[in-house]
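The values are calculated or read from the model by the stated rules, or taken from the named source; none is laboratory data. Please read these numbers as outputs of a predicted model, since none were measured by experiment. Cβ: placed from backbone, ideal geometry, glycine included. Neighbour counts: every protein chain shown.
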Amino acid sequence: MTMPTLKPQNPRFSSGPTSKRPGWDIASLPTTSLGRSHRAAEEKAKLRGVIEQSKAILGIPADFQVGIVPASDTGAFEMAMWTMLGERGVDVLSWESFGQGWRTDVTKQLKLEDVRDISADYGVLPDLSQVDCNRDVLFTFNGTTSGVKVPDTDWIAADRQGLTFCDATSAAFAMEMEWSKMDVVTWSWQKVLGGEAAHGMIALSPRAVARLESYTPSWPIPKIFRLTKNNKLIADIFAGATINTPSMIAVEDQLDALNWAKQIGGLDALISRSQANLKVVEAWVKNTDWADFLSEREDTRSSTSICLKITDYWFNEQTSDDQSKTIKRLTKLLADEAVAFDIAGYRDAPAGLRIWGGATVESSDIAALMPWIDWAYAKVKAE
């Protein structure tokens with residue numbers, strides 16, 4: 001097969017950290033906050049700006065509390081589990097590696113006894129009708145390592161007694177979310193808006209705040225997880241204060257991303273850009289005889305973490321080790337040509353490809369990438 005000539009302008013298709021917004025330039029970031037205390041009035045105002053702009057773009061209800069917390073989405077979600085679980089039984093939904101990780105936290109670390117595991121293999125959702133919303137419910141809105149999302153939240157009861165904990169790190173700013181069905185939502189800066197790592201966001205409904213103020217877990221709570229003092233929410237965390245020291249250059253970068261999102265049209269525009277990226281891959285898959293989406297249903301197909309499986313008999317008759325080597329060879333060819341970086345599937349997922357399709361990626365770059373994937377696969381197969 002002839003090597004293509006048109007290359008993506010931006011070869012960064014990693015699923016986290018993800019590509020910066022189009023036109024991003026580090027020289028455009030303000031630097032006056034560097035070397036200053038994050039507790040100073042001007043710097044605290046910038047942190048508060050991240051919170052307020054995030055709420056505005058995402059359409060988060062006014063009565064939700066939103067804060068910046070340590071350790072990216074993982075830290076935010078574990079903070080929620082450590083401080084609020086144990087009050088009642090828990091249903092844990094898992095269909096990819098991160099949901100499986102939350103299940104491990106609940107059963108092996110917190111050692112909760114009343115836990116129901118509602119799980120499925122990569123590529124499919126578990127049976128959502130099994131969920132009991134009078135229990136606490138943990139789920140990922142979009143499975144970053146499987147490319148399988150929940151198509152809606154109709155399965156969450158409006159009159160639920162339990163809390164819903166939603167890991168939305170690869171869904172926030174790319175997918176519609178029904179906030180009335182959410183009690184705890186977490187995400188990170190490094191996903192859809194292409195921010196820097198190590199900073200997480202947590203959004204709490206009034207019901208989640210009530211849980212925090214009325215329930216004390218039996219286990220110790222590390223300082224970086226503490227959201228209450230004397231059984232009252234620490235309000236400053238949700239007004240620009242942080243539990244530990246944030247990176248102010250990362251804050252400036254996130255403000256830049258949020259300003260860009262607002263300028264292009266807000267959430268609707270972000271969703272539209274991500275959907276356009278998915279459509280490019282869908283058109284390619286339709287005309288390709290060796291690859292398909294890992295997601296088995298169209299309505300669960302992710303537009304951010306676009307995961308592909310190889311359906312070719314030649315590939316599938318290989319051992320799992322050889323399949324991994326094939327993917328490594330294929331992705332190395334693309335990286336060596338500066339066409340695509342970091343598009344191998346997640347290490348725990350079935351061997352395949354994962355292309356980030358969030359809003360900061362241009363659909364023209366994905367369109368330029370796809371013929372190169374055909375070329376690299378043909379080359380590896382012929383070796």
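Observations on the structure shown:
- Conditions (1) assigned to a helix (DSSP H, G or I); (2) of a type outside the set (A, V, I, L, M, F, W, C); (3) more than 20 Å from Glu178 (Cα to Cα): number failed by Glu52: (3)
- Residues (at pLDDT 95 or above, part of a loop (DSSP other than H, G, I, E, B) and either of a type in the set (Ser, Thr, Tyr) or in contact with a Ser or Thr (Cβ under 9 Å, 6 or more places away or on another chain) (or both)) located in segment 319-348: Thr319, Ala340, Asp342, Ile343, Gly345, Tyr346
- Pairing each residue of segment 190-206 that is farther than 20 Å from Glu178 by Cβ with any residue that is part of a loop (DSSP other than H, G, I, E, B) and aromatic (Phe, Trp, Tyr), provided the two are 6+ apart or on different chains, yields C-beta distances under 7 Å for Leu193/Phe173; Gly195/Trp189; Glu196/Trp189; His199/Trp189.
- Counting the residues of segment 5-62 that are under 23 Å from the mean Cα position of the chain (by Cα), hydrophobic (A, V, I, L, M, F, W, C) and not assigned by TED's automatic domain parsing to the domain that holds Ile202 gives 2.
- Positions within segment 33-50 being in contact with a helix residue (DSSP H, G or I) (Cβ under 7 Å, 6 or more places away or on another chain) and touching a residue at least 40 places away in the same chain (Cβ under 8 Å), in sequence order: Ser33, Leu34, Arg36, His38, Glu43, Lys46, Leu47, Arg48, Gly49, Val50
- All positions within segment 311-326 that are crowded, with 20+ Cβ neighbours inside 10 Å and closer than 18 Å to Glu96 by Cβ: none
- Segment 333-351, residues that are of a type in the set (Gly, Ala, Ser) and more than 19 Å from the chain's Cα centre (by Cα): Ala335, Ala338, Ala340, Ala351
- Taking the conditions (1) among the aliphatic types (A, V, I, L, M); (2) in contact with a Ser or Thr (Cβ under 7 Å, 6 or more places away or on another chain); (3) outside any helix (DSSP H, G or I); (4) under 17 Å from Glu196 (Cβ atoms) in turn, Val66 satisfies each one other than (4).
- Residues in segment 95-122 that are touching a residue at least 60 places away in the same chain (Cβ under 8 Å) and crowded, with 22+ Cβ neighbours inside 10 Å: Glu96, Phe98, Gly99, Trp102, Tyr122.
- Answer from Val192, Val185, Val209 - the residue that is part of a strand (DSSP E or B) and in the same structural domain as Asp63 (by TED's automatic domain parsing): Val185
- Checking every residue in segment 136-150 against the condition of being assigned to a loop (DSSP other than H, G, I, E, B), of a type in the set (Asp, Glu) and modelled with pLDDT of 95 or more gives zero matches.
- Being touching a Ser or Thr at 6+ places or on another chain (Cβ under 6 Å), small (Gly, Ala, Ser), closer than 30 Å to Arg21 by Cα and not in a helix (DSSP H, G or I) is a condition met by at least one residue of segment 305-312.
- Segment 359-383 residues that are within 15 Å of Lys279 (Cα to Cα), paired with ones that are small (Gly, Ala, Ser) (beta carbon under 7 Å, 6 or more apart): Ala359/Ala174; Ala359/Ser274; Val361/Ser19; Ser363/Ala276; Ile366/Gly357; Leu369/Ala340
- The single condition among (1) more than 15 Å from the chain's Cα centre (by Cα); (2) under 30 Å from Gly195 (Cα atoms) that Phe139 does not satisfy is (1).
- Residue match in segment 149-164 (condition: closer than 22 Å to Phe238 by Cβ, touching a strand residue (DSSP E or B) at 6+ places or on another chain (Cβ under 8 Å) and in contact (Cβ under 8 Å) with a residue 40 or more places away in the chain): yes
- Selection from segment 156-171 of residues that are surrounded by 22 or more Cβ atoms within 10 Å (Cβ to Cβ) and among the polar types (S, T, N, Q): Thr164, Thr169, Ser170
- Exactly one residue out of Ala368, Ala359, Ala376 is in contact with a Lys or Arg (Cβ under 9 Å, 6 or more places away or on another chain), of a type in the set (A, V, I, L, M, F, W, C), part of a loop (DSSP other than H, G, I, E, B) and not assigned by TED's automatic domain parsing to the domain that holds Ala257, and it is Ala359.
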